[in-house]
Each structure stands twice: as C-alpha cells, then as structure tokens.
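Heads up, the thing below is written out as structure tokens.
Where a number appears in this text, it was derived from the coordinates with a stated rule and is not lab data. This is a predicted model, so every value here is computed, not measured. In this analysis, Cβ positions are derived from the backbone assuming ideal geometry, glycine residues included, and neighbour counts consider all displayed protein chains.
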Amino acid sequence: MREPPARFDPDPTLGREEMESLQRDIADAASFTDDLSFDPERVGEAGPDAPLVAGVDQAFRTDRDPEQAVSAVVLWRGGEVVERAHAVADCELPYIPGLLSFREAPSILAAFAELDREPDLALFDGSGRIHFRQAGLATHVGAALDLPSVGVAKSLLCGTPRESVAALPEGARVPIEVREGDDVDALVGTVIGYAFQSRQFPDSKRINPLYVSPGHRVSAGTAVDLVERCGGDYKLPEPTRLADAYADECKRAGRDG
C-alpha cells in the first residue's frame with residue numbers, strides 16, 4: 001500500500017482540539033460520491049478480475065500496560081480469503097467517542113502496510129461519515145490511503161433515522177440524516193448513512209441493524225449496496241466477520257506466546 005500523507009497522521013499525542021480540527025480537514029479532503037475503479041456489482045464474485053475487498057477489525061490486549069491494539073486486515077474475494085495481515089501497536093489513547101481513529105488507526109495503517117496485494121475496497125468495523133465531524137475511522141483511514149472505504153458500525157454514533165429501526169425486515173434500509181440539534185458538521189437534511197438490516201432470523205430475538213456509512217470515494221447508497229453484496233450467513237459482512245476472527249486469533253497467539 002502507498003504511504004499515507006503526513007497531514008493525515010492519526011497522532012494520538014495531539015490535543016483534543018487538534019484532533020477535531022484534523023478530522024474536519026480529513027472530511028473536507030474525503031469524497032462521499034462514487035469514485036470506484038471497479039464495477040460494484042462484481043463485488044462478491046469469484047475470479048482474478050473480481051474486486052478485492054479488505055475487511056478490517058481490531059482486538060485489544062487489555063492485560064498489557066499500555067493496552068495494545070491488534071489490527072487485522074483480511075483480503076476477500078468471492079467467498080475466499082486471498083491474504084491476511086496484522087499489526088500490533090500500543091494504545092496511547094483511551095476510548096473517546098468520536099476520536100476512535102486516533103486510538104486504532106496507527107495499528108490499522110501498519111497492518112495495511114504488511115499486505116502484498118492492494119485492495120479495491122475496505123470495510124471497517126466502525127463509522128465513516130456517520131460521525132460528529134464526518135470523519136470516522138473508515139473516513140480517516142480511507143482518505144489516508146486514498147482507498148474506497150465503508151464504515152460498518154453496530155451502533156449509531158450520531159444522526160437521526162428517518163423512521164423507526166425497530167424490528168426491520170431483512171434487507172430493509174432506513175436513511176440516517178442530519179436534523180436540527182444533531183451534533184454533526186453537515187447541513188440539515190444530509191443523508192450521512194443508512195441503518196441496514198442485514199439479517200433477521202425468524203423465531204429468535206430481534207436482531208438490530210448495522211449502521212453503514214461512506215468512508216471515502218463511495219456514496220451512501222452504494223456503501224449499503226456493497227455491504228449487502230459482501231453478506232454471508234451472519235449479521236456482519238463476511239470480510240469484517242473474518243477480520244474479527246483473525247484479530248482474535250492474533251490476540252490469542254500473542255497471549256499464549
């Protein structure tokens with residue numbers, strides 16, 4: 001992967017105001033429209049010419065001082081794992097809502113640097129444009145690598161669903177928009193992502209939707225299309241589910257070693 005520009009460095013030693021200012025600069029540099037070098041309808045297909053999707057997730061070694069982030073990247077194409085890479089870095093910042101990228105992005109960028117292949121798209125366990133300053137983890141890393149990216153979060157950080165997201169049927173999409181009073185640096189009425197009901201199993205407790213948002217070089221609507229095309233038998237899209245499992249595997253190996 002290409003070296004990220006220094007101006008996007010997720011430096012955890014910055015002060016809060018400096019971090020928030022950098023996020024606004026990243027949001028200005030990011031693109032929330034489709035700028036893809038691949039056919040999005042081919043995502044999930046097999047074959048050497050099909051798009052290569054990176055799933056990105058983290059695990060944490062809380063028994064270390066300082067705590068360590070174990071970041072995993074799994075390259076996936078047509079249901080098959082093509083390559084895996086991981087990196088470990090000390091967490092120099094506690095979890096602070098809205099500043100996740102300064103805690104996790106250093107190890108994520110290091111994991112991407114270990115890849116032999118360059119992905120066409122990345123799916124992150126975290127938000128993209130659904131963020132107070134429109135610069136969540138998927139936007140920060142996507143803009144730094146100039147890589148089409150999508151945030152796939154399990155909970156809603158900000159913004160307001162256009163309608164109820166309770167007990168949605170499988171496949172349903174509900175726009176997440178900015179309303180008066182929302183703490184989001186975007187115009188009122190802007191659709192910053194979607195609640196997406198990836199799975200809903202009968203005769204089981206209700207499954208909550210995913211919150212999908214564009215990170216970089218992807219529109220909100222296309223972001224959901226891409227996540228749907230990466231779906232498997234579980235709630236999470238398959239690339240991030242595999243990355244979650246690989247991060248846990250690497251975490252256990254470090255503990256056992």
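Numerical summary
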{"item": "Estimated 222 nm signal from helices in the chain, with DSSP H stretches of n ≥ 4 weighted -39500 (n - 2.57), rounded to 500", "result": "-8000 deg cm²/dmol"}
{"item": "Phi to ³J(HN,Hα) by Karplus 6.51 cos²θ - 1.76 cosθ + 1.60 over segment 6-16, Hz, x for Gly, Pro", "result": "4, 5, 9, 4, x, 6, x, 8, 5, x, 4"}
{"item": "Chymotrypsin sites (Phe, Trp or Tyr not before Pro) restricted to DSSP loop in segment 59-168 with at most 13 other C-beta within 10 Å", "result": "Tyr95"}
{"item": "In sequence order, calculated HN-Hα J values of segment 51-66 (Karplus, 6.51, -1.76, 1.60; Hz; x Gly/Pro)", "result": "x, 9, 9, 9, x, 10, 8, 9, 10, 10, 8, 7, 8, 9, 10, x"}
{"item": "Calculated over segment 102-205: convex hull of Cα atoms, volume per residue (Å³)", "result": "135"}
{"item": "Trypsin sites (Lys or Arg not before Pro) within segment 129-193: DSSP coil, no more than 16 neighbouring Cβ in 10 Å", "result": "Lys154, Arg162, Arg179"}
{"item": "Whether segment 19-128 is rounded, prolate or oblate, judged on the alpha carbon gyration tensor where a/c under 1.5 counts as rounded", "result": "oblate"}
{"item": "Prolate/oblate/rounded call for the chain, Cα gyration tensor, a/c under 1.5 rounded", "result": "rounded"}
{"item": "Overall form of segment 149-203 per C-alpha gyration tensor (a/c, 1.5; a/b vs b/c)", "result": "prolate"}
{"item": "Linear extension gain, Arg162 paired with Glu17, 0.36 nm per residue minus alpha-carbon span", "result": "49.1 nm"}
{"item": "C-alpha center-to-center spacing [segment 174-218, segment 5-54] in angstrom", "result": "18"}
